[in-house]
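**Student:** Sharing a structure, written as structure tokens. Questions coming.
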Amino acid sequence: FFSRRNWFFFFFLGEIIEHIIDPLEFLKSCKEKLNKNGIIIITTPNMVSLKKRIKSVLGIYPEPNGDWDFNHLHLYTRKNLKGICERAGFNVEVMTSTKLSTLRFKLQMYQPFDSLSERIIFRIRKI
């Protein structure tokens, strides 16, 4: 994409990484374009969210034109997205998520339930 190196201090990849053919190479390319200590914010659907798990058990998932459609080339969990970011040469500074809409007030206090939310949110920094 852009030809200048070390030019940008910030990228926002909102609901993009799941559509990229080679996310590892894409992140490496982004890294080249970032200046020293540049950061990227990544958001993507969580393939193991509570909603998707319940739908799967009930036999109503995957949905046509949902997260598992042909537009989403990759499906992510916090663990596999973290691995890709680290292999691309980034330090994962923040792994969080949108809060669960169901039982939000009871569950948002408990960090393990972050992995069950609909969206994964990462802040990664060039190292």
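The values are calculated or read from the model by the stated rules, or taken from the named source; none is laboratory data. Note that the structure is a prediction, hence the values are computed from the model and not measured. FYI the Cβ positions are ideal-geometry reconstructions off the backbone, even for glycines, and counts take in every protein chain you see. For accessibility, only protein heavy atoms count, side chains too; no ligands or nucleic acids. Shrake-Rupley method; radii C 1.70, N 1.55, O 1.52, S 1.80 Å.
To keep it simple, each residue is scored yes or no on (1) under 11 Å from the mean Cα position of the chain (by Cα); (2) loosely packed, with under 15 Cβ neighbours inside 10 Å.
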{"position": "TRP7", "(1), (2)": "no, yes"}
{"position": "PHE10", "(1), (2)": "no, yes"}
{"position": "GLY14", "(1), (2)": "yes, yes"}
{"position": "LEU24", "(1), (2)": "no, yes"}
{"position": "LYS31", "(1), (2)": "no, no"}
{"position": "LYS36", "(1), (2)": "no, yes"}
{"position": "LYS51", "(1), (2)": "no, no"}
{"position": "VAL57", "(1), (2)": "no, yes"}
{"position": "ILE60", "(1), (2)": "no, yes"}
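**Student:** Here's something else I'd like to know. If you take the residues in the stretch 38-49 that are of a type in the set (A, V, I, L, M) and in contact (Cβ under 8 Å) with a residue 60 or more places away in the chain, which one is surrounded by the most Cβ atoms within 10 Å (Cβ to Cβ)?
**Tutor:** As a first pass, look at the stretch 38-49 and keep what is of a type in the set (A, V, I, L, M): 39-42, 47-48.
After this cut, where a residue has to be in contact (Cβ under 8 Å) with a residue 60 or more places away in the chain as well, the list is 39-42, 48.
Details: ILE39: 18, ILE40: 22, ILE41: 14, ILE42: 26, VAL48: 16.
Here the residue is ILE42.
**Student:** Can you tell me which residues in the stretch 78-98 are open to solvent by less than 40 Å² (accessible area, probe 1.4 Å), more than 15 Å from ASN37 (Cα to Cα) and in contact (Cβ under 8 Å) with a residue 40 or more places away in the chain?
**Tutor:** Scanning the stretch 78-98 gives LEU81, ILE84, SER97.
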